[in-house]
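J.: Have a look at this one.
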Amino acid sequence: MASILAVDDSASMRQMVSFTLRGAGHDVQEANDGVQALELASKKKYDLVLSDVNMPNMNGIELVKELRQLADYKFVPVLMLTTESAGDVKAQGKQAGATGWIVKPFNPEQLLSTIKRVLG
Amino acid sequence: MSIDLSQFHQIFFEESFEGLDVMESQLLELQPQEVDAESVNTIFRAAHSIKGGAGTFGFMQVSEFTHVLETLLDEIRSGTRTMQRSYIDLFLQSVDCLRAMLSSIQAGSEPDMERAATLKGSFENILQGTSAADSAEQDLPSDTGNTTTADVTESGWRIIFNPSEDILQTGNEPFRMLRELQELVGADYLTVIPVTDNLPEFTSLTPENCYLSWILEIRSNVSRDDIASVFEWVADDCHIDYQPLCAAPLKNTHDDTPEIRTGAEQKSAAERENGIPPAEIDSGRTATLIPEKISEALEIAAAQKSKPSVSARTARSSEPSSIRVSIDKVDSLINMVGELVITQSMLGELGQDFDMSRLIRLQEGLTQLEQNTRELQESVMKIRMMPISFAFSRFPRLVRDLGSQLGKQVNLVMLGENTELDKTVMEKIGDPLVHLVRNSLDHGLETTEQRLASGKSAEGTITLNAYHQGGNIVIEVKDDGAGLNEERILHKARQKGLVPETQELSSEEIHQLIFLPGFSTADVVSDISGRGVGMDVVRRNIAELNGNIEVKSVRGKGSTFIIRLPLTLAILDGQLVKVKNETYIFPLVSIVESIQLQKRSLNHVTGSQYVMKLRDEYIPIIRLDEFFNLRSNDEEFENPMLVVVEGDNEKVGIVVDDLLGQQQVVIKSLEQNYQRVAGISGATILGDGTVALIIDVSDVGKNLEKSGKGQSRSEQAA
């Protein structure tokens, strides 16, 4: 189905996300931080990017900004995985070009139903 | 589809404990006056990850507790609040508390929530203390904040959805939102009416922009909140207007709306009225969505989705401990195995039709096999090696807490943190190290006043140093305190009857007294050390690891405890010796020297004790053949060798028939396979298949002191 890039510095979250998505038949690549994600994204066009916000090296907000600079990623949905339910981070993410957000904690079912919103 | 998340628990625990370690070390470095933004960020990030993971994996106690902590951190991070010493303390306590909570959960028991509740209360008091209004407590998105009344009773909604032109550039696709809306209303009626008024001339049209808007009519009793959730991500950039629909017919309502009088819309309205099945959604010129079509597509998607089955999860009960191994180590191992396989096939081929002309090739092959085996062994051992920083990491905290408890200013210096050590040895050396560091802090370092009075800096220094030396790892615990008080130690030892009143001891001998069982010079049994568990326990623990400990001390300058440990417990560098027809092995580390035994240097002392003068020292002599009852009569050695070994800081000379080679041996436990035997620490299998026993040097020395049996006939040794 879709090829998805999952970015999170927390291995458990990353694995949970990719396990869930793979279980739903998607092709998932993992990245530890923004830098690694950007490197992967520059080599291949993913259908969807799911990224944590708080990460070392390059955080999720910066990642979206960088991604939107790439011709391939102008319209690709980028969802932020965030615990901040306050509007602050969401607004920052939106401004940077993020498509939307998924508020942690979420369960696999919520994750799957949410990404349906952006996958064709 | 339900996914069992418990398979991720172990890794969550591991990374959480790592996160807590990071928080702790960063907190310890923080100075309240000059808070480093990056440190606070790092702490925040760690807390944040723990909170997120805990929430996801259902450990709500942990995520709730972390939340308050994170809130305060966030205020500090954003500058609404300044860091205080008391906050750092509170954070450190929280780190402990979280560690305990996670450990209990990991072990499958209920965490102790009392401590968490107390700490949580402290955080809440701080947080409520100021007018920092925008704490992260607000959970509601601002756009729905004021209109959350559920309108379930309404018969439907008319929504004017006017997206911003650049909506597509954030990856949002109105088409998918409409589809989601369709899913939401299910079998109920959704009408989508596109508005194309803003569509520019083709020449001025930017294909990346969205010029359309829509009027959506929902005949369903879904709540406004549910509908809003579909537009959640775009609500801020789009104009979305909700109008409740009454029972009034659809046609009338939009007839009243002038802005939707467009060709496309009228066409779709006409289709609807005429009962013509509207077209599928395509491009912007959208007509009515067909619930059947969409649900059909979704069913297919669902079927595909549920195909891969979720593998059953193994029972969690006792999680095995794991180590992280760098991929380099694993790669080199695989490399090694590859070479071994090549050598093996080469030897196999050689063996098929072997004749003496190919002997040289066989020997070459065997040499190569030996090299492969050795390299493989080294690589496997390296996998178990971890940097000693794992054992050192607890000390900054320990020293900080104890220092403030004792009112001493202490600077902890850690050197050689990357020195690698076997995991098992590391686990076992932790407690003795803690004891030594506590001891240095409590007894070694003077109080600030005393230090200043003796012309030292107010701040005492404790240095932990680790390095490799030969096949050993050496760990030093050094303080710049007062040094050992020799008079007091001697006095105490005499008082306890450990040293006869008349006997004079050298400084070095006095220093060794602190390792005697039950010896403690602390006048007051303090909370920190001197609880009766003394240096003898430390020494015993280290001896169990085949290591030794010594102390060097200079009055007024400080003391250094030096621990020597083998790098691993599984393999030993051994000296093979021959006694009668048996082969025994001495650990190479315990051998001081091996010499020819000269009869004239032997001296008979009280009882049956024999000693030998070796340079300036007298050392007791023991015959191994007697010790193990191998002697049938008083036969003489032809050319006896004396192996001088050191165990428990005592030198002992052991008489053997001959010295054989030195080699690495794999230690097999005698206790597990047979039973404990005095003077033997284990066994190994030699290349020819025979079993050789490994001598427990300190045990032999102890038995010598007790029985004196070993010396009864040592005058005949030479």
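The values are calculated or read from the model by the stated rules, or taken from the named source; none is laboratory data. These numbers were taken from a predicted model, which means no experiment stands behind them. Don't worry about glycine lacking a Cβ; one is built from the backbone with ideal geometry, like all the others, and counts go over all protein chains shown. Heavy atoms of the whole protein, side chains included, go into the accessibility calculation; ligands, DNA and RNA do not. Shrake-Rupley method; radii C 1.70, N 1.55, O 1.52, S 1.80 Å.
J.: Can you give me the ranges of the helices (runs of 4 or more DSSP H) entirely in region B:1-79 with at least 1 residues that are outside the structural domain of B:I105 (by TED's automatic domain parsing)?
T.: Counting at least 1 such residues, we get no helices (runs of 4 or more DSSP H) at all.
J.: Still on this model: So which residues in region A:20-47 are touching a residue at least 60 places away in the same chain (Cβ under 8 Å) and in contact with a Ser or Thr (Cβ under 8 Å, 6 or more places away or on another chain), if there are any at all?
T.: Taking region A:20-47 as the starting set, the residues that turn out to be touching a residue at least 60 places away in the same chain (Cβ under 8 Å) are A:20-21, A:23-24, A:47.
Hit for region A:20-47 is A:D47, nothing else.
J.: Go through the residues of region B:428-442 one by one and say whether even a single one is at pLDDT 85 or above, within 13 Å of B:E459 (Cα to Cα) and touching a Gly at 6+ places or on another chain (Cβ under 6 Å).
T.: Within region B:428-442, not a single residue is at pLDDT 85 or above, within 13 Å of B:E459 (Cα to Cα) and touching a Gly at 6+ places or on another chain (Cβ under 6 Å).
J.: Further question: Open to solvent by less than 50 Å² (accessible area, probe 1.4 Å), touching a Leu at 6+ places or on another chain (Cβ under 8 Å), of a type in the set (A, V, I, L, M, F, W, C) and modelled with pLDDT under 85 - does that describe any residue in region B:362-382?
T.: yes
J.: Report, by residue number, each residue of region B:118-142 that is loosely packed, with under 13 Cβ neighbours inside 10 Å and either modelled with pLDDT of 85 or more or under 15 Å from B:Q93 (Cβ atoms) (or both).
T.: Once the filter is applied, which keeps residues that are loosely packed, with under 13 Cβ neighbours inside 10 Å and either modelled with pLDDT of 85 or more or under 15 Å from B:Q93 (Cβ atoms) (or both), region B:118-142 yields B:T118, B:G121, B:N125.
J.: Here is a further query. Kindly list, by first and then second residue, each pair from a residue in region B:165-182 that is of a type in the set (A, V, I, L, M, F, W, C) to a residue that is open to solvent by 40 Å² or more (accessible area, probe 1.4 Å), limited to pairs with Cβ atoms under 6 Å and residues at least 6 apart or on different chains.
T.: B:L168/A:F75
J.: If you don't mind, another one. Tell me, please, whether a residue that is outside any helix (DSSP H, G or I) and in contact with a strand residue (DSSP E or B) (Cβ under 9 Å, 6 or more places away or on another chain) can be found in region B:345-363. So that I can check it myself, show each step before the final result.
T.: Filtering region B:345-363 down to residues outside any helix (DSSP H, G or I) leaves B:353-355.
Retained after the next criterion (residues that are in contact with a strand residue (DSSP E or B) (Cβ under 9 Å, 6 or more places away or on another chain)): none.
Taking every residue of region B:345-363 in turn, none turns out to be outside any helix (DSSP H, G or I) and in contact with a strand residue (DSSP E or B) (Cβ under 9 Å, 6 or more places away or on another chain).
J.: Still on this structure: Only residues that are part of a helix (DSSP H, G or I), open to solvent by 20 Å² or more (accessible area, probe 1.4 Å) and in contact (Cβ under 8 Å) with a residue 12 or more places away in the chain: list them for region B:91-116, please.
T.: So in region B:91-116, the residues part of a helix (DSSP H, G or I) come out as B:91-106, B:113-116.
From what's left, open to solvent by 20 Å² or more (accessible area, probe 1.4 Å): B:93, B:96, B:99-100, B:103-104, B:106, B:113-115.
Scanning region B:91-116 gives B:Q93, B:R99, B:A100, B:Q106, B:M113, B:R115.
J.: Based on this model, can you work out whether B:F175 counts as open to solvent by less than 40 Å² (accessible area, probe 1.4 Å) and either aromatic (F, W, Y) or within 14 Å of chain A (Cβ to nearest Cβ) (or both)? Can you show your working first?
T.: Details: open to solvent by less than 40 Å² (accessible area, probe 1.4 Å): no; either aromatic (F, W, Y) or within 14 Å of chain A (Cβ to nearest Cβ) (or both): yes.
No; evaluated as a whole, the condition is false for this residue.
J.: Filter region B:442-476 for residues that are open to solvent by less than 50 Å² (accessible area, probe 1.4 Å) and under 26 Å from the mean Cα position of the chain (by Cα) and give the result.
T.: Hits for region B:442-476 are B:I462, B:T463, B:L464, B:N465, B:A466, B:G471, B:N472, B:I473, B:V474, B:I475, B:E476.
J.: While we're here: Going by the conditions given, is A:T82 open to solvent by less than 50 Å² (accessible area, probe 1.4 Å), within 29 Å of B:L20 (Cβ to Cβ) and touching a Phe, Trp or Tyr at 6+ places or on another chain (Cβ under 6 Å)?
T.: Yes, satisfied.
J.: Moving on. Could you grab me the full set of residues in region B:201-224 that are part of a helix (DSSP H, G or I) and open to solvent by 60 Å² or more (accessible area, probe 1.4 Å)? Break it down stepwise before answering.
T.: Of the residues in region B:201-224, the ones part of a helix (DSSP H, G or I) are B:202-204, B:224.
Listed by number, the residues that qualify are B:F202, B:T203, B:S204.
J.: Follow-up. Give me a count of the residues in region A:30-55 that are facing chain B (nearest Cβ under 9 Å) and in contact with a Lys or Arg (Cβ under 7 Å, 6 or more places away or on another chain).
T.: Selection size over region A:30-55: 1.
J.: Go through region A:90-120 and report how many residues are part of a helix (DSSP H, G or I), more than 8 Å from every other protein chain (Cβ to nearest Cβ), open to solvent by 20 Å² or more (accessible area, probe 1.4 Å) and closer than 25 Å to B:V68 by Cβ. Steps first, answer last, please.
T.: So the first thing to find is which residues in region A:90-120 are part of a helix (DSSP H, G or I), and the list is A:90-96, A:108-116.
Subsequent filtering for residues that are more than 8 Å from every other protein chain (Cβ to nearest Cβ) retains A:92-93, A:95-96, A:110-111, A:113-115.
Next, only the ones that are open to solvent by 20 Å² or more (accessible area, probe 1.4 Å) stay: A:92, A:95, A:110, A:113-114.
This time we only want the ones that are closer than 25 Å to B:V68 by Cβ, so: A:92, A:110.
Within region A:90-120, residues that are part of a helix (DSSP H, G or I), more than 8 Å from every other protein chain (Cβ to nearest Cβ), open to solvent by 20 Å² or more (accessible area, probe 1.4 Å) and closer than 25 Å to B:V68 by Cβ number 2.
J.: Could you grab me the full set of residues in region B:15-50 that are facing chain A (nearest Cβ under 8 Å) and in contact with a Lys or Arg (Cβ under 8 Å, 6 or more places away or on another chain)?
T.: Selection gives B:F44 alone.
J.: Identify all residues within region B:440-469 that are without any contact (Cβ under 8 Å) to a residue 40 or more places away in the chain and not in a helix (DSSP H, G or I); write none if there are none. Outline the logic, then answer.
T.: Pass one, region B:440-469, residues without any contact (Cβ under 8 Å) to a residue 40 or more places away in the chain: B:445-446, B:449-453, B:455-457.
B:L445, B:E446, B:G455, B:K456, B:S457 - these are the residues of region B:440-469 that are without any contact (Cβ under 8 Å) to a residue 40 or more places away in the chain and not in a helix (DSSP H, G or I).
J.: Among the aliphatic types (A, V, I, L, M) and within 38 Å of the chain's Cα centre (by Cα), is that true of B:I342? Don't jump to the end; show me each part of the working.
T.: On the way: among the aliphatic types (A, V, I, L, M): yes; within 38 Å of the chain's Cα centre (by Cα): yes.
Here the answer is yes, as B:I342 does meet what is asked.
J.: Please specify each residue of region B:542-562 satisfying the condition of being outside any strand (DSSP E or B) and open to solvent by 50 Å² or more (accessible area, probe 1.4 Å). Quick ask: steps written out before the conclusion?
T.: Taking region B:542-562 and keeping what is outside any strand (DSSP E or B), we get B:542-547, B:555-557.
Once the filter is applied, which keeps residues that are outside any strand (DSSP E or B) and open to solvent by 50 Å² or more (accessible area, probe 1.4 Å), region B:542-562 yields B:E544, B:N546, B:R555, B:K557.
J.: Provide a single number: the residues in region A:1-19 that are of a type in the set (A, V, I, L, M, F, W, C) and facing chain B (nearest Cβ under 9 Å). Lay out the reasoning, then the answer.
T.: Taking region A:1-19 as the starting set, the residues that turn out to be of a type in the set (A, V, I, L, M, F, W, C) are A:1-2, A:4-7, A:11, A:13, A:16-17, A:19.
Now drop any that are not facing chain B (nearest Cβ under 9 Å), which leaves A:1, A:11, A:13, A:16, A:19.
So the count comes out to 5.
J.: Within region B:228-237, identify whether any single residue is touching a Gly at 6+ places or on another chain (Cβ under 9 Å), open to solvent by less than 20 Å² (accessible area, probe 1.4 Å) and at negative phi, and answer yes or no. Steps first, answer last, please.
T.: Keep residues of region B:228-237 that are touching a Gly at 6+ places or on another chain (Cβ under 9 Å), which gives B:232-234, B:236.
Pick out the ones that are also open to solvent by less than 20 Å² (accessible area, probe 1.4 Å) and you get B:233-234.
Now drop any that are not at negative phi, which leaves B:233-234.
The answer is yes; a qualifying residue exists.
J.: Could you check region A:66-79 and list, in sequence order, the residues that are more than 7 Å from chain B (Cβ to nearest Cβ) and surrounded by 20 or more Cβ atoms within 10 Å (Cβ to Cβ)? Break it down into steps so the answer makes sense when it comes.
T.: Narrowing region A:66-79 to residues more than 7 Å from chain B (Cβ to nearest Cβ): A:66-73, A:79.
Within region A:66-79, A:L67, A:Y73, A:L79 meet the criteria.
J.: So, one more: Find all pairs meeting these conditions: Cβ atoms under 8 angstrom apart; at least six residues apart or on different chains; first residue within region B:477-502 and more than 29 Å from B:V399 (Cα to Cα); second residue open to solvent by 60 Å² or more (accessible area, probe 1.4 Å).
T.: Within 8 Å, the pairs are B:R494/B:P500; B:R494/B:E501.
J.: Within region B:496-528, how many residues turn out to be part of a helix (DSSP H, G or I) and either open to solvent by less than 30 Å² (accessible area, probe 1.4 Å) or modelled with pLDDT under 80 (or both)?
T.: The first filter runs over region B:496-528 and keeps only residues part of a helix (DSSP H, G or I), leaving B:507-515.
Going one step further and asking which of them are either open to solvent by less than 30 Å² (accessible area, probe 1.4 Å) or modelled with pLDDT under 80 (or both), we end up with B:510-511, B:513-515.
Adding up the residues that qualify gives 5.
J.: Then there's this: Could you say whether any residue in region B:76-84 is at pLDDT below 85 and of a type in the set (G, A, S)?
T.: yes
J.: For the condition within 29 Å of B:G108 (Cα to Cα), open to solvent by 40 Å² or more (accessible area, probe 1.4 Å) and within 17 Å of the chain's Cα centre (by Cα), what is the one hit in B:E14, B:E64, B:E24?
T.: B:E14
J.: A further question follows. From the list B:A482, B:A493, pick out the single residue that is open to solvent by less than 70 Å² (accessible area, probe 1.4 Å), of a type in the set (A, V, I, L, M), under 24 Å from B:R539 (Cα atoms) and assigned to a helix (DSSP H, G or I). Talk me through it step by step, then tell me what you get.
T.: Values: B:A482 fails: assigned to a helix (DSSP H, G or I).
Among B:A482, B:A493, only B:A493 is open to solvent by less than 70 Å² (accessible area, probe 1.4 Å), of a type in the set (A, V, I, L, M), under 24 Å from B:R539 (Cα atoms) and assigned to a helix (DSSP H, G or I).
J.: Exactly one condition in (1) more than 9 Å from chain B (Cβ to nearest Cβ); (2) among the basic types (K, R); (3) surrounded by fewer than 20 Cβ atoms within 10 Å (Cβ to Cβ) is not met by A:R22; state its number.
T.: Against the list (1) more than 9 Å from chain B (Cβ to nearest Cβ); (2) among the basic types (K, R); (3) surrounded by fewer than 20 Cβ atoms within 10 Å (Cβ to Cβ), A:R22 comes up short only on (1).
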